[in-house]
Amino acid sequence: MTKYSRIVFIVASIAVGLGWLGVGYMGGKMGAVASAISDPRNYDGSTFDAMSFLMSLVFSAPAYLTVLFVIRLFIELVSNSSKSGPQA
């Protein structure tokens with residue numbers, strides 16, 4: 001892997017990781033809203049559900065790992081195709 005492809009992969013990994021955490025955060029927010037709607041008498045006023053956050057992270061992890069794999073595959077294909085000389 002070349003220097004530039006490593007930098008591209010690190011930047012893409014950070015972006016995918018932040019997106020994954022964002023999905024988990026929204027899962028936590030939606031879990032709190034769902035619990036407030038389903039039983040408003042027991043709603044404690046919190047705006048975040050930690051269990052929904054963790055479950056969102058766990059269930060979305062395979063999709064985000066697949067995205068990282070595809071990004072890595074694309075970078076490897078591009079770097080390998082650019083290394084080859086002129087085709088005859």
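One line per residue, one yes/no per condition, for (1) among the polar types (S, T, N, Q); (2) in contact with a Lys or Arg (Cβ under 9 Å, 6 or more places away or on another chain); (3) farther than 30 Å from Lys3 by Cβ; (4) modelled with pLDDT of 90 or more:
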{"residue": "Ala32", "(1), (2), (3), (4)": "no, no, yes, no"}
{"residue": "Ala36", "(1), (2), (3), (4)": "no, no, yes, no"}
{"residue": "Phe48", "(1), (2), (3), (4)": "no, yes, yes, no"}
{"residue": "Val70", "(1), (2), (3), (4)": "no, no, no, yes"}
{"residue": "Leu73", "(1), (2), (3), (4)": "no, no, no, yes"}
{"residue": "Val78", "(1), (2), (3), (4)": "no, no, no, no"}
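Tell me yes or no: at least one residue of the stretch 52-59 is at pLDDT below 95, in a loop (DSSP other than H, G, I, E, B), out of contact with any Ser or Thr (no Cβ under 6 Å at 6 or more places or on another chain) and farther than 18 Å from Ala15 by Cβ.
Looking only at the stretch 52-59, we keep the residues that are at pLDDT below 95, and these are 52-59.
Remaining after also requiring in a loop (DSSP other than H, G, I, E, B): none.
For the stretch 52-59, residues at pLDDT below 95, in a loop (DSSP other than H, G, I, E, B), out of contact with any Ser or Thr (no Cβ under 6 Å at 6 or more places or on another chain) and farther than 18 Å from Ala15 by Cβ: absent.
Please name all residue pairs, on different chains or six or more residues apart, with Cβ atoms under 8 Å, provided the first residue is in the stretch 23-35 and is surrounded by fewer than 17 Cβ atoms within 10 Å (Cβ to Cβ) and the second residue is outside any helix (DSSP H, G or I) and at pLDDT below 75.
Lys29/Thr47
The values are calculated or read from the model by the stated rules, or taken from the named source; none is laboratory data. Given the structure is predicted, the values throughout are model-derived calculations rather than measurements. All Cβ positions, glycine included, derive from the backbone under ideal geometry; neighbour counts span all protein chains shown.
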